[in-house]
Amino acid sequence: MVVNGSDDLVLTGGRIHCPDGMLADGWLSVSGERISGVGTGNPPQGKHIDLNGAHVVPGFVDIHCHGGGGGSFTSADPAEAHTAVRTHRRHGTTTLMASLVSAPPNELIDQMAALAELVTDGELVGIHLEGPFISEARCGAHDPAVLRDPDAEVVEELLKAGRGNIRMVTLAPELAGGIEAVHRFSQDGVIAAVGHTDAVADQVRAAVDAGATVATHLFNGMRPLHHREPGPVGALLDDDRVTVELICDLVHLHPDVVRFAARHAGPSRTVLVTDAMSATDVADGTYRLGGLDVEVKNGVATLPDSGSLAGSTLTMDAAFRNLVHGAGLDIADAVAATATQPARLLGIDGDTGALRTGLLADAVVLDDDLRTLGVLRRGAWVDDRVPKTA
């Protein structure tokens with residue numbers, strides 16, 4: 001049976017994870033693109049699908065992703081971008097932001113132009129510039145040859161070229177002009193994120209005071225925590241104004257570190273991200289991330305020369321599962337970190353991020369092991385894949 005977005009649909013017999021808690025043997029009804037009701041007891045009339053106890057959680061919102069399925073957002077090829085979007089959508093990511101890596105400004109402008117139509121069409125929620133305003137000492141899988149200070153002229157050039165599609169910029173605040181850039185991006189409604197930084201704690205606090213609100217993949221690509229100099233990790237994790245990204249592939253971060261950070265930040269400040277690259281959901285081999293070659297072996301992406309981690313091959317459904325089964329947090333915490341808080345951070349929580357009447361019908365059906373059975377986006381099953389739970 002194929003159910004499209006113009007028909008009414010009722011999911012019955014599921015564990016529906018709502019903002020106020022989980023509804024056992026609950027139902028969720030869809031009319032058009034939106035959720036028309038959530039409850040228990042007798043479900044309304046419509047095309048019923050019995051979920052036989054499967055979990056239903058909000059569609060995932062990934063704010064940090066470079067590609068997937070062999071497609072990269074940095075290629076300036078809209079076809080590759082579509083491939084990446086489709087790949088992650090099959091794994092439950094119903095809202096996706098495209099992340100670019102450090103490159104000369106003219107290349108970033110070309111890449112943003114290639115993604116603009118996908119943003120306009122709602123395939124992407126926006127663009128994240130991860131660099132080039134980052135520290136060479138903590139650049140990870142970014143080409144050090146293209147890094148630069150965020151001088152005002154380049155900042156204005158990128159903002160103008162972005163045409164309102166830039167939603168987030170990651171930068172190192174210790175660079176010359178870094179604090180001023182944080183203020184300028186924030187002034188323009190762009191989320192300023194601190195990452196790939198060798199800053200000390202006082203420099204990070206100055207950036208937060210200037211408007212920075214996100215820690216880009218906390219712990220990774222930054223000066224480590226030290227008991228006499230807390231650096232970015234201590235300053236960002238302990239500031240209630242900052243949302244912290246965690247790459248929950250259990251490779252970038254040990255499960256104990258994930259649990260520690262998520263518990264300290266709490267569900268209102270924790271966001272899981274994939275930091276996925278083009279090798280996601282395809283075979284091991286050699287790939288490109290920006291201007292660098294990346295070797296992928298057993299699903300782990302590294303730079304061949306240094307062995308530095310180079311993004312991930314993570315999907316959001318795996319990140320959700322890892323937070324629960326690997327780090328030992330509750331499903332409610334995973335829902336908050338993969339949907340509710342990232343939607344709130346982007347200012348789209350009036351449309352998505354929760355299973356609530358009136359919001360878009362973005363949902364993921366998961367089995368007992370939290371593996372994806374089906375993905376509903378705007379009331380339509382992704383790839384016409386209707387969950388089979390019997």
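What are the residues in segment 264-306 that are part of a strand (DSSP E or B), farther than 30 Å from THR340 by Cα, in contact with a strand residue (DSSP E or B) (Cβ under 8 Å, 6 or more places away or on another chain) and not aliphatic (A, V, I, L, M), if any? If the condition is that a residue be part of a strand (DSSP E or B), farther than 30 Å from THR340 by Cα, in contact with a strand residue (DSSP E or B) (Cβ under 8 Å, 6 or more places away or on another chain) and not aliphatic (A, V, I, L, M), then GLY285, THR286, TYR287, ARG288, ASP293, GLU295, THR302 are the ones that fit.
In this structure, ALA334 qualifies as among the small types (Gly, Ala, Ser) and not assigned by TED's automatic domain parsing to the domain that holds PRO44.
Filter segment 211-246 down to residues that are in contact (Cβ under 8 Å) with a residue 12 or more places away in the chain and of a type in the set (Lys, Arg) and give me whichever is farthest from LEU171 (Cα to Cα).
Of everything passing the filter in segment 211-246, ARG241 is farthest from LEU171 (Cα to Cα).
Taking HIS48 as meeting all but one of (1) surrounded by fewer than 24 Cβ atoms within 10 Å (Cβ to Cβ); (2) assigned by TED's automatic domain parsing to the domain that holds PHE185, write down the number of the exception. In the conditions (1) surrounded by fewer than 24 Cβ atoms within 10 Å (Cβ to Cβ); (2) assigned by TED's automatic domain parsing to the domain that holds PHE185, HIS48 misses (2) alone. Residues that are free of Cβ contacts under 8 Å to residues at least 60 places away in the same chain and out of contact with any strand residue (DSSP E or B) (no Cβ under 6 Å at 6 or more places or on another chain) within segment 9-23 comprise just one, ASP20. In the set VAL182, VAL155, VAL233, only one residue is farther than 24 Å from ALA334 by Cα and surrounded by fewer than 23 Cβ atoms within 10 Å (Cβ to Cβ); that residue is VAL155. Considering only residues in segment 190-223 that are over 23 Å from the mean Cα position of the chain (by Cα) and part of a loop (DSSP other than H, G, I, E, B), the one that is farthest from HIS64 (Cα to Cα) turns out to be VAL200. Mind telling me which of the residues VAL61, VAL56 ends up being part of a strand (DSSP E or B), of a type in the set (Val, Ile, Thr), more than 22 Å from SER278 (Cα to Cα) and in contact (Cβ under 8 Å) with a residue 60 or more places away in the chain? Residue meeting the stated conditions: VAL56.
The values are calculated or read from the model by the stated rules, or taken from the named source; none is laboratory data. What you see is a predicted model, and the numbers here were worked out from it, not measured in a lab. No Cβ is skipped: glycine too gets one built from the backbone with ideal geometry, and neighbour counts run over all protein chains shown.
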